[in-house]
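Student: Sharing a structure with you now.
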Amino acid sequence: MLQDARASVHDETSAVQSVTRSQSRATSGSRTDLSTDDEANIKAKQASRSGKVKKSETLGNATGVAKGTVSRSRSAGAETLTAKQGTVRMKNINRFLTLSNCNFPSIIRGRFSRFSNFVKSGMESFVLSSTKMTTKPEERHEIIVCFLLILTGDKITDYFAYRFHTSQAILQLTEKGPEWAPLTQRYTCTVDKPKKESKLKGLKSFIAYSVTSSLSGIQVSRRYKHFDWLHEQMSAKYLLIPIPPLPEKQVAGRYEEDLIEHRKNILQLWVNKVCRHPVLSKSDVWIHFLTCTDEKQWKNGKRKAEKDEYVGGNFLHCVTVPTQSLDSNRAEHQVEGFARVVRSLDDSVRVMYDRVTETHKRLAGPYRSNWQKMAAAIAGLGHSFELDSSPTTYEKLLYLMFPKDENDASIWIRNQIVTAALKETAHVFHKIGDEHEESAKRDLDPLLDCLYSYKGLLAGMPDIVNVHKSAMSKLRENERLSMEGKVSTAEADRIRTRVDSISYAVLAEIEFQHRERGEDFKRMMATYLERQAAFYDGIGKQLAALAVLFKNA
């Protein structure tokens, strides 16, 4: 009996380790890596080897592995949550694990591991209609199907036919696809005025940021940990929406001016993304974050958000989708195409981030150094000109008043002008070297921040694709069981409707991300190239002015 218990514990512990490893984020810089604590595994193994643990105790330890605390790497860094914070993160997951064991047909859910993300997030419970909600949703979101009025025809001249109202062109109404209902009122949010504050009579200090929304005009003070808490809540609630990354949490040098400015810039990018999203911008927890100024109300709002039932898969109860059924094959094809785009973008953005980082280092290092070395060389040349046997003041006067040769005076004056021009050139070259370092901060830092933010956004998209794949797998299994008569027609229709809701949400988010990508890179590259053009134009003007000095000598 004891040997059977040991074997059972070993098999289940190995299975849990395998599943948790497979569920961890593979992409570096991921915003919500999940990995179970290894301490429970070690204890279970030691107890199993010693033979001092009873069967019930060993099984309890094995189950404890799945309920261990969770560590989460932040936007880009090795920082992890404490055990207390990890416990808060696990509350939703444990609640979903309980819900997933409700009395729906075991024949349908038997092929999914209870440790898979599809199950832990509550998506399986949503698909199988097993979740019993005790409150009504306070948030409501809608997905609409948009149509395009396009020009059809076999010839390129059809465009001109349409333009000049001839009969050769035909206008056709074509379905564009699902989209989130657009925002009725757009607004912006600013993060500024970072200020060092303290509490507990100065025992604890931190940086607080002023956050102001154009929607309400209310100015609130928020710390980094408040942003981090908000990120956690949004990541848990909006499973099918990739949440942008926060700046990494650093302890060393956290009060340095450059670090504070860098963190403020990324936080600004983060709130910009949230404000533009048609779902996140209307989130109750986000509005609470923007508008709450009272400490007591803030804590009450936090507790309310942490007890929210409509998180993970249950969030789809808050979404109204079109009644029209989706073509599952077409939806799956669209999601697979999006996954290929994400993989390619992930590689491309990483390469670009590395190249821009290298250019940043070169501008502040070798490029600046080369210009200033040239400045030193030109300054040395000018000094050599000064060491030439210059005439005395009396001789200068004689040259000017009674030149032996008509070119004597002009030669001396020309040499003096060339010497002065060399000194000015050395000064300008040294200044241009400093401008390269300034350009790295002014032009490349914003570009790197944007790439960092987008890189973190891409890291969350594979999980959305995997959830949709699991939903499609559940749908195919449901159709097979329905054909075999093992599932009633009504139950099969309900499952198909729920899977359609997932597909609608995923396709709506894909459409939004496609549109946002174009806008993001348009702004990012336009700003970068505009600043680079101004930088090199300034260098060109300075060099042109130096050339005029030598021409006029």
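Matching residues to (1) at positive phi; (2) at pLDDT below 95; (3) in contact with a strand residue (DSSP E or B) (Cβ under 8 Å, 6 or more places away or on another chain); (4) not charged (D, E, K, R):
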position	(1), (2), (3), (4)
Glu248	no, yes, no, no
Gly253	yes, yes, no, yes
Glu256	no, yes, no, no
Leu259	no, yes, no, yes
Lys264	no, yes, yes, no
Asp284	no, yes, no, no
Cys292	no, yes, yes, yes
Glu295	no, yes, no, no
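Student: Let me ask something else about it. Can you name the residue in the stretch 188-205 that is hydroxyl-bearing (Ser, Thr, Tyr) and surrounded by 12 or more Cβ atoms within 10 Å (Cβ to Cβ) and, of all such residues, is nearest to Val220 (Cα to Cα)?
Tutor: Selected residue: Thr190.
Student: Same structure, new question: Can you tell me which residues in the stretch 337-360 are more than 16 Å from Arg517 (Cβ to Cβ) and touching a residue at least 60 places away in the same chain (Cβ under 8 Å)?
Tutor: Val356, Thr357, Thr359, His360
Student: Moving on. Condition check: at pLDDT below 80 and either not polar (S, T, N, Q) or not in a helix (DSSP H, G or I) (or both). Does Ile432 satisfy that?
Tutor: When the stated conditions are applied, Ile432 does not pass them.
The values are calculated or read from the model by the stated rules, or taken from the named source; none is laboratory data. Just so it is clear, the model here is predicted, and its values are computed rather than measured. When we count neighbours, we look across all protein chains shown, and the Cβ atoms used for this are built from the backbone with ideal geometry, even at glycine.
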